[in-house]
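K.L.:
Okay, handing you the structure first.
Values in this text are rule-based calculations from the coordinates and carry no lab data. Source: prediction; values computed, not measured. FYI the Cβ positions are ideal-geometry reconstructions off the backbone, even for glycines, and counts take in every protein chain you see.
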Amino acid sequence: MAEEQFNLRPVGVRMRCDACQDGEMVSTDGIMLTTSPPLYPHSCNRCDRKANLRVRYPTVRWLSDE
């Protein structure tokens with residue numbers, strides 16, 4: 001086995017609202033629902049639509065340059 005380094009870059013990810021198509025779904029209160037799989041309550045910052053999503057948005061994903 002050998003350790004190997006590689007380049008990563010962070011990318012911000014947001015979820016657009018399906019209802020108004022203008023707002024962004026934002027995690028509310030940092031709560032996680034103990035369902036299987038876990039869900040995170042969100043609300044739209046424009047129209048206040050509510051949804052439970054599998055990922056807490058906004059989030060950061062790491063992309064490899066390879």
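K.L.:
So I have (1) 13.6; (2) 13.0; (3) 15.6, and one of them is Kirkwood radius over Cα pairs in Å calculated from this model. Which one is it?
P.N.:
(1)
K.L.:
Another question about this same structure. Quick one: order M25, M15 by neighbouring beta-carbon count within 10 Å, fewest to most.
P.N.:
Going from least to most buried by this count: M15, M25.
K.L.:
Whole-Hz ³J(HN,Hα) for each residue in the stretch 38-44, computed from phi via Karplus 6.51 cos²θ - 1.76 cosθ + 1.60 with θ = phi - 60°, x for glycine and proline: what do you get?
P.N.:
Going residue by residue, I get x, 10, 10, x, 9, 9, 6 Hz, with x marking Gly and Pro.
K.L.:
Any idea what the relative contact order of the chain is, in percent, if you count C-alpha pairs under 8 Å spaced at least 6 apart?
P.N.:
Relative CO of the chain lands at 40 percent.
K.L.:
A further question follows. List the cysteines of the chain that have no other Cys Cβ closer than 4.7 Å: which are they?
P.N.:
Cysteines of the chain left without a disulfide-compatible partner: none whatsoever.
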